[in-house]
Amino acid sequence: MIKGRENPQDTKLQENMDRVRYKIAVMSGKGGVGKSTVSTNLAWALAMQDLQVGLLDADIHGPNLPTMLGITEERFTGTDHEIEPIEVLSTLRVASVANIGYERDAALIWRGPMKLALIKQFLADVVWGDLDYLVLDTPPGTGDEALTIGQEIKPMTGIVIVTTPQDVALLDSRKSVDFASKLKIPVIGIIENMADSDEFKMFGSGGGERAAEELGVPFLGRVALDPRMVTSGDTGRPFLADYPDEVAGTQLRGIVDRIITYCKGVNG
Ligand SMILES: Nc1ncnc2c1ncn2[C@@H]1O[C@H](COP(=O)(O)OP(=O)(O)OP(=O)(O)O)[C@@H](O)[C@H]1O
Ligand SMILES: [Mg+2]
């Protein structure tokens, strides 16, 4: 870049992101597969290990991280250009468009450029401080939000792809893998969520693992279907906070460990 031509917001964004050691975006080809659930539990588990963690809700149309963490009524403090994230734990802070304070049930119509501007503003202006991890929850697909994140955060440590066990997992995940490869972002791996367990059965299991194999990316593990995941999300407590030793809890913790191992391998 020619000296003196830098856009001040771009410089601020880069400086803000440079203070974060690992940046992980959680993505999926299809909606409703458990991205926000995985993002919330991943961020929570990291924060419980005394790591400094930020959780950014990049889902502008359907921001549901605040519901999952019981902070829907919290509002940002700070100024227009210094947004203080919402503190959930001393090691976990969250920023979502829902915390700006629009009417909760109002359908927001955001055009592409507005979404892009809002996400860039979050990346530049949320005062995270020094973080070990920033987890970014994205809306389904590879639209404006994912693209902005992928283009603006350099370098992005990697993306985690969430899918469900059915055979369409391959089709769904391929889009996210292609997206990552176009933007030259590493794929940390695929998670198969809502898998059958001895206790609960619905969608089968194995599609996510097969998709990972065929797409040549790591398989991070499966998370069992567990109806308590829904009640946890609705009551604002991460599943891992209450059920760390249930099947799905143990599986989630294993996945978190694999993600940490990956990140340390990239940048000790
Ligand atoms: N392992 C699981 N077992 C049972 N229910 C689950 C599981 N994982 C997620 N859910 C539930 O499935 C629903 C969708 O999950 P979530 O909101 O995390 O998906 P999402 O991919 O973020 O959706 P969207 O694409 O709309 O952002 C939620 O009600 C959540 O509680
Ligand atoms: Mg979501």
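The values are calculated or read from the model by the stated rules, or taken from the named source; none is laboratory data. Predicted, not measured: the structure shown is a model, and the values here were computed from it. Glycine gets a Cβ as well: all are built from the backbone with ideal geometry, and neighbour counts include every protein chain shown. Accessible surface areas use protein heavy atoms only, side chains included; no ligands, DNA or RNA. Shrake-Rupley method; radii C 1.70, N 1.55, O 1.52, S 1.80 Å.
At a glance:
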quantity	calculated
Angle in degrees between helix 8-18 and the longest Cα principal axis of the chain, rounded to the nearest 10	40
Intensity falloff of the chain expressed as log10 I(q)/I(0), Debye formula with alpha-carbon point scatterers, at q = 0.13 Å⁻¹	-0.80
Mean Cβ count within 10 Å, highest first, over the residues of peptides 217-226, 37-46, 69-78	37-46, 217-226, 69-78
Counting all C-alpha pairs of the stretch 51-159, share separated by more than 23 Å (%)	21
Å³ per residue enclosed by the Cα convex hull of the stretch 107-253	147
Accessible area in square angstrom per residue, the stretch 8-266, 1.4 angstrom probe	44
Above-threshold pairs, the threshold being 19 Å between Cα atoms, out of Lys12/Lys120; Lys23/Lys264; Lys35/Lys264; Lys12/Lys154	Lys35/Lys264
Euclidean distance of C-alpha centroids, the stretch 207-268 and the stretch 128-179, integer Å	15
Assigned charges on the beta-carbon of Lys, Arg, Asp, Glu; the stretch 110-268 dipole about Cα centre (debye)	620
Virtual spin-label span in nm between Leu89 and Asp10, 7 Å along Cα→Cβ	3.7
Spatially proximal lysines relative to Lys30 (Cα-Cα < 20 Å; intrachain offsets below 8 disregarded)	Lys115, Lys175, Lys182
